[in-house]
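Enquirer: Have a look at this one before I ask anything.
FYI, it's all coordinate maths here, none of it is from the lab. Since the structure is predicted, the reported quantities are computational estimates derived from the model, not experimental observations. Neighbour counts are summed over all protein chains in view; Cβ atoms, including those assigned to glycine, are modelled from backbone coordinates with ideal geometry.
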Amino acid sequence: MHLVLFLVFAGFCLAGAINLLLQSHPINSALSLIVVMASLAVLYLLLGAEFLAAAQFIVYAGAIMVLFTFVVMLLNAGREERTLGSRAARTIGFPAVVAILAVLATVILHLQGMGTAGLSQGITTTEELSTVLFTKLLLPFEVTSVLILIAILGAVALARHGHGEREETPAHHETPERTVAK
Amino acid sequence: MTILQFFLWSVLKVAVVTVVMLLGVAYTVLLERKLVGRIQNRWGPNRVGPFGLLQPLVDGAKSFLKEDMIPAGVYKPLYVLAPVLSLGCALISIGVVPFGEPKTGPGGLDLFEISNVNIGLLVILGITSIGVYGIALAGWSSNNKYSLLGSLRSSAQLISYELALGLSLVGVVLVSQSFNLRVIVEKQAEKGIVTWNIFGGFQFVAFFIYLMAAYAETNRSPFDLPEAESELAGGYNIEYSSMKFAMFFMAEYANMITVGCVATLLFFGGWTSPFGNLIDPPQNVFAHALFPMFWFVGKVFCFLCLYVWVRGTLPRFRYDQLMRFGWRFLMPLAILNIVATSLWLAYR
């Protein structure tokens, strides 16, 4: 049962990811990404991580992808243009992809001694997860939150910068009129 | 219990709950029209059947028989998908709501809940967050500026208020120490009304935030900006006709019912009676099974009446007021509530 579900949702995940690349309209790509996120949540659930699955679903498939579609709708982005790709991308790109895949494969093969994460009947409760998160992994957890704080500060700084410029715009607008008047 | 039995019971439960839910949606519409009518000093629908009770069925037949028009400029796959997504998400979330005593069926089966999930509360939040796409895509795919404005408003509003909604629930989860809706109810059951989360758990601030955010999440007045008919001529559903329009309409009312159910479970003790253990539970099997149902339905009904009452009396907010209220008032209040609840739990 677990294996069947895993195969089905891993299939959805891959199909969504490939569809994401093939679609030429941004909104279709965004919807494919939602499928990828939602199937990933199911895969987490199959591994017994119920809280992680719910968080993945709410945060990524729900909130973040709504923002994506929001932006696509707001900009009313049209169909993307097809190009044949540059020669540099073809000559350097394919070897680079092969190299990255090789590195990843070696790392995964190297790590096989670390034990496996099986599809499990058991479920890690939210309580266990939070205990680990707030005792063993406290430092990485806090560092991550500082990282997110930096991102928020950056966003605020960018937004404030734009705001400051807008206040100056009347002066900018006046200059061309004056030159015309002269 | 074998897998086959489990499967058949599940199918039966899903069928019954869906039918009851759809009937509930139909009669919530009637309730709203009647009550708003009385608030505005008129009778409301009273021609079809006694007291107008058959009105919802006639309305349903009408929307089935109307011509289903698809405008020329729409992006068809998403135009068709949007109402399905909207109604689907609205109906699915009832699947984790418990509405009666556990283990009442044969062989210790949960007769009054489709599935008992450890993280039921999070599942409901997740499904609600997917329901947004129905409205967003409907507005975008209709190729109409009013629809687009409606769905842009709706996406922004839902993102903003989902935060406050989620944070307000954290207080309840802290008090009950579980995401399981059944456990949350059973923690409140002990002394009836005194131990309900809204009174005994000191979560009235959380309830206030939840209520405000729920009005915004279900696009109901006074936060029904996405379909403000005076400025957007109907908003995201303007290009929809016939059954597709009816599906959006039903989704809105189904969401109202779900929100009422969740509020009942989290703050008002779910299916337990307000008198707690003062009155002994009835010994008769049927009474034992149906009494909790009575309390649950009664509480949800009160919630729906509150919805209609608010719609009948309050004017619509302006968009900037809505955003300011969500971000500058509800969000900080929800965070303060979490801090206060944690301190109270730590030092009591």
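Enquirer: Hey, what D do you get for the range B:68-346 in µm²/s if you plug the Kirkwood alpha-carbon radius into Stokes-Einstein at 20 °C and 1.002 mPa s? Write down the numbers at each step before the final one.
Expert: Values: Rh = 19.7 Å.
Value of D from the Cα-based Kirkwood radius: 109 µm²/s.
Enquirer: Can you figure out the FRET efficiency of B:Trp327 with B:Val194, using R₀ = 41 Å and their beta-carbon distance, to the nearest 0.05?
Expert: Details: r = 35 Å, r/R0 = 0.85.
Efficiency computed from Cβ-Cβ geometry: 0.70.
Enquirer: If neighbour count is taken as other Cβ atoms inside 10 Å, put B:Thr128, A:Thr131 in order from fewest to most. List each step's numbers first, then the result.
Expert: On the way: B:Thr128 25, A:Thr131 11.
Going from least to most buried by this count: A:Thr131, B:Thr128.
Enquirer: Also: Which angle from 0 to 90°, rounded to the nearest 10, does the C-alpha axis of helix B:204-217 make with the longest principal axis of chain B?
Expert: It works out to around 30 degrees.
Enquirer: What angle, in degrees between 0 and 90 and rounded to the nearest 10, separates the Cα long axis of helix B:76-92 from the longest principal axis of the Cα atoms of chain B?
Expert: 20
Enquirer: Dipole of chain B, Cα-centred, from +1 at each Lys and Arg C-beta and -1 at each Asp and Glu C-beta, to the nearest 20 debye? Working shown, then result.
Expert: Working: 24 positive and 19 negative charges, 101 e Å.
Rounded to the nearest 20 debye, it is 480 debye.
Enquirer: Related question: Return the single residue from B:Met69, B:Met243, B:Met212 with maximal mean-square fluctuation; model: Gaussian network over chain B, springs between Cα atoms under 10 Å.
Expert: B:Met69
Enquirer: Sticking with this structure for a sec: Report D for the range B:205-348 in µm² per second (integer): Stokes-Einstein, Kirkwood Rh on Cα pairs, 25 °C, 0.890 mPa s.
Expert: Numbers: Rh = 17.9 Å.
It diffuses with D of about 137 µm²/s by this estimate.
Enquirer: Work from the charge dipole of the range B:68-346 (Cβ charges, +1 for Lys and Arg, -1 for Asp and Glu, about the Cα centre) and give the residue of B:Ser129, B:Gln321, B:Ile209 farthest towards its positive end.
Expert: My answer, from the dipole projection, is B:Gln321.
Enquirer: If I fit a long axis through the Cα atoms of helix B:331-347 and take the longest principal axis of the Cα atoms of chain B, what angle between them do I get, 0 to 90°, rounded to 10?
Expert: 10
Enquirer: Figure the gain on full extension for A:Val143 and A:Thr125 (residue separation times 0.36 nm, minus the Cα-Cα span) and round it to one decimal in nm. If you can, show how the numbers build up before the last one.
Expert: Details: separation 18, 0.36 × 18 = 6.48 nm, distance 2.37 nm.
Residue separation times 0.36 nm, minus the Cα-Cα distance, leaves 4.1 nm.
Enquirer: Need one number: the % of Cα-Cα pairs in the range B:88-171 sitting beyond the 14 Å mark. Don't skip to the answer; put the middle values down first.
Expert: Details: 2461 of 3486 pairs.
In whole percent, the long-distance tail amounts to 71.
Enquirer: Related question: Kindly state, as a whole number, the per residue volume in cubic angstrom of the convex hull around the alpha carbon atoms of the range B:34-177. All intermediate terms of the calculation are to be shown ahead of the outcome.
Expert: Values: hull volume 31.3 nm³, N = 144.
With only Cα atoms used, the range B:34-177 gives 218 Å³ per residue.
Enquirer: Could I ask something else about it? Can you give the FRET efficiency for B:Gln40 and B:Asn143, using 1/(1 + (r/R0)^6), R0 = 30 Å, r = Cβ-Cβ distance, to the nearest 0.05? If you can, show how the numbers build up before the last one.
Expert: Numbers: r = 36 Å, r/R0 = 1.20.
The value I calculate is 0.25.
Enquirer: In straight Cα distance, which lysines are under 25 Å from B:Lys13, not counting same-chain residues fewer than 8 positions off?
Expert: Excluding near neighbours in sequence, the set is B:Lys103, B:Lys299.
Enquirer: Still on this structure: What list of ³J(HN,Hα) couplings, whole Hz, do you get for the range A:87-104 from phi and the Karplus terms 6.51, -1.76, 1.60, once you set θ to phi - 60° and write x for glycine and proline?
Expert: After applying 6.51 cos²θ - 1.76 cosθ + 1.60, I find 5, 4, 4, 6, 6, 8, x, 5, x, 5, 4, 4, 4, 4, 4, 4, 4, 4 Hz.
Enquirer: If you don't mind, there's one more thing I want to ask. Run through the range B:1-84 and list the chymotrypsin sites (Phe, Trp or Tyr not before Pro) located in a DSSP loop whose Cβ has at most 14 other Cβ atoms within 10 Å.
Expert: On the way: sites: B:Phe6, B:Phe7, B:Trp9, B:Tyr27, B:Trp43, B:Phe51, B:Phe64, B:Tyr75, B:Tyr79; in loops: B:Trp43, B:Tyr75.
Counting only loop positions with at most 14 other Cβ atoms within 10 Å, the chymotrypsin sites (Phe, Trp or Tyr not before Pro) in the range B:1-84 are B:Trp43.
Enquirer: Once phi is turned into ³J(HN,Hα) by the Karplus curve 6.51 cos²θ - 1.76 cosθ + 1.60 with θ = phi - 60°, what whole-Hz value does each residue of the range B:56-73 show in order, with x for glycine and proline?
Expert: Coupling constants for the range B:56-73: x, 5, 5, 4, x, 4, 4, 5, 5, 7, 5, 5, 8, 8, 10, x, 5, x Hz.
Enquirer: While we're on this one: Averaging over every viewing direction, what projected area does the convex hull of the Cα atoms of the protein assembly as shown cover, in nm²? Write down the numbers at each step before the final one.
Expert: Numbers: hull surface 140.9 nm².
Reported value for the Cα convex hull: 35.2 nm².
Enquirer: From the phi of every residue in the range A:136-147, what ³J(HN,Hα) in whole Hz does the Karplus formula 6.51 cos²θ - 1.76 cosθ + 1.60 yield, where θ is phi - 60° and glycine or proline is x?
Expert: 5, 9, 4, 4, x, 4, 5, 4, 4, 5, 5, 4
Enquirer: If you don't mind, another one. Only Cα pairs within less than 10 Å get springs; with that Gaussian network setup on chain B, which residue of B:Leu53, B:Leu85, B:Leu22 has the largest fluctuation?
Expert: Maximum fluctuation in the GNM of chain B, among the listed residues, is at B:Leu53.
Enquirer: Over the Cα atoms of the range B:263-329, each weighted equally, I'd like the Debye log10 I(q)/I(0) at q = 0.13, 0.27 Å⁻¹, rounded to two decimals.
Expert: Ignoring solvent entirely, the Cα scatterers give -0.57, -1.12.
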